[in-house]
Structure formats: structure tokens, C-alpha cells
Amino acid sequence: MLMEAETWVALAFVLFVGLLGYLGVHRMITKSLDDRAARIKAELDEARKLKDEAAELLAEYQRKRQAAEGEAQDIISGAKAEAERMATEAKVRIEDFVARRTKMAETKIAQAEAQAAADVRSAAAEAANAVPHAPAPKRLMFMSRAWPRG
């Protein structure tokens with residue numbers, strides 16, 4: 001039995017495990033595994049914390065986006081109202097302008113008509129003054145005798 005190789009291997013193994021126990025290798029291994037578990041736990045906690053921060057940031061940005069969209073809608077509706085108001089004002093100003101121009105044109109036409117009538121009367125008066133006082137044609141004289149006077 002002492003001469004068999006398996007016995008010496010078993011004895012060497014027991015001595016080796018005893019030496020490892022005497023040197024405290026099992027404590028170092030346990031400590032290393034505990035440190036690793038703590039590091040993994042810290043990393044998981046950090047990841048959870050980062051995830052929560054990311055969720056908060058996402059919610060904040062969504063609120064900001066909704067607020068910005070609401071503000072944009074307010075700006076758009078304000079711009080539309082302003083455009084409608086400006087269009088209405090422009091329409092009123094154009095109608096005013098057209099009415100004034102129409103009135104001016106009518107006044108000019110009335111002045112031109114009055115001037116034309118005055119020119120015609122003046123021309124008729126000049127023509128009447130320019131006609132020599134000639135005797136009326138015989139025919140007109142005959143007609144005036146034919147008609148009884150009143």
C-alpha cells in the first residue's frame with residue numbers, strides 16, 4: 001500500500017490542501033469572491049441609479065417638448081390671428097383707398113363735365129355772337145304769319 005502511486009498522490013494532495021488551509025488561501029479566495037460580489041452589486045446599483053436618472057431626464061424632456069409644442073401652437077395661433085387682423089386692416093385700407101380714389105375720380109369727372117358744359121356754353125355764346133344779324137329766311141317769316149299770335 002505505501003508503495004502504490006495512488007497512495008502517494010492522495011497523501012500529497014492532503015498535505016497540499018492542509019498547506020493551503022494553513023496559509024489561509026481559503027480566506028483569500030472567500031475575500032476575493034466577496035469583493036467581486038460587492039463590486040458587481042455596486043455596478044448593478046450604479047446601473048439602476050443611471051437608469052432612474054435616464055428615466056427622469058426622459059420624462060423632463062418629454063414635458064419640455066410638450067411645453068414647447070404648446071408654445072409653438074400658441075405662437076402659430078397668435079400669428080394666424082395677427083395675419084387675419086392684418087389682412088382685415090389691409091382690406092379696410094384698400095376699400096378706403098378705393099373709395100377715396102373713386103370719389104376723387106367722380107369729382108374730377110364732375111369738374112370735367114362742368115368745364116365741358118361751360119366750354120360748350122361759351123362756344124355757343126361765341127358762335128351766337130359771331131353770327132351776323134341777318135334777316136330770317138322767308139319761309140320762317142311766312143310761318144310766323146301763318147300762326148296766330150296769342
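Every read-out reported here was derived from the displayed coordinates using simple, explicitly stated rules and does not represent laboratory data. Predicted model, so just to flag it, every value in this text is computed and none were measured. Here Cβ is always computed from backbone atoms with ideal geometry, including for glycine, and neighbour counts include all displayed protein chains.
Between A110, A130, A55, which gets the highest mean-square fluctuation from a Gaussian network model of the chain, Cα cutoff 10 Å?
Among A110, A130, A55, the largest GNM mean-square fluctuation belongs to A130.
Give the shape of the range 1-86 as rounded, prolate or oblate, defined through the alpha-carbon gyration tensor: a ≥ b ≥ c are the square roots of its eigenvalues, a/c under 1.5 means rounded, and otherwise the shape is prolate if a/b is larger than b/c and oblate if not.
Judged from the Cα gyration tensor, the range 1-86 comes out prolate (a/c at least 1.5, a/b above b/c).
Report, ordered by chain and residue number, the lysines lying within cross-link reach of K49, taken as a straight Cα distance under 19 Å and ignoring same-chain residues fewer than 8 apart.
Counting by Cα, and skipping residues close in sequence, K49 has these lysines nearby: K41.
Report the label-to-label distance for V14 and N129 in nanometres (one decimal), using points 7 Å from each Cα along the Cα→Cβ vector.
16.5 nm
Reachable lysines from K64, Cα under 21 Å, same-chain residues fewer than 8 places away excluded?
K51
Taking springs between alpha-carbon atoms closer than 10 angstrom, which of D35, D52, D96 fluctuates most in the Gaussian network model of the chain?
In this elastic network of the chain, the residue with the biggest mean-square fluctuation among D35, D52, D96 is D35.
Which of the following values of Rg and Dmax of the Cα atoms in Å was calculated from the structure shown: [x] 20.5, 68; [y] 14.6, 44; [z] 60.6, 189?
[z]
Have a look at A105, A90, A125 and tell me which one the Gaussian network model of the chain (Cα, springs below 10 Å) gives the largest fluctuation.
The residue with the greatest mean-square fluctuation here is A125.
Taking the Cα atoms only, what angle lies between the long axis of helix 25-130 and the longest principal axis of the chain, rounded to 10 degrees?
0 degrees
Calculate how steeply helix 5-23 sits against the longest principal axis of the alpha-carbon atoms of the chain, using the helix alpha-carbon long axis, and give the answer as 0 to 90 degrees to the nearest 10.
With both axes taken from Cα atoms, the answer is about 60 degrees.
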